[in-house]
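Quick notes on the structure that follows.
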Amino acid sequence: MFQSRAFSHLTQFSRAQDGAVTVDWIVLTAALAMMGLGAAFYVTSSVPQVAENMQTYMENVEVGG
């Protein structure tokens with residue numbers, strides 16, 4: 001009896017459309033936030049190497065010579 005009631009509630013819940021748009025927006029917002037974090041990680045992880053390359057280049061440039 002309890003299993004059939006629980007299964008019935010689960011079935012009704014899975015078929016309900018209430019809040020579907022909210023869930024869609026939450027998923028889209030989370031995906032956008034994750035892409036932003038990924039881009040930030042990519043940029044911040046490559047900045048030290050770029051700075052080192054610029055330093056090496058600038059050390060080897062002769063000015064006014």
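Ordered from longest to shortest, the equivalent ellipsoid semi-axes for segment 2-60 are 53, 12, 4 Å, each the square root of 5 times a Cα gyration tensor eigenvalue. Loop-located GluC sites (Glu not before Pro) in the chain (DSSP state not H, G, I, E or B) with no more than 13 neighbouring Cβ atoms inside 10 Å: GLU62.
For PHE7 and ALA30, the FRET efficiency from 1/(1 + (r/R0)^6), where r spans their Cβ atoms and R0 equals 25 Å, is about 0.25.
With the simple model of a label 7 Å out from the Cα in the direction of the Cβ, SER46 to VAL63 spans 2.8 nm.
Values quoted throughout were computed directly from the atomic coordinates according to the rules given, and no laboratory measurement underlies them. Predicted, not measured: the structure shown is a model, and the values here were computed from it. Methodologically, a virtual Cβ is constructed for each residue, glycine included, from the backbone with ideal geometry; neighbour enumeration extends over all protein chains shown.
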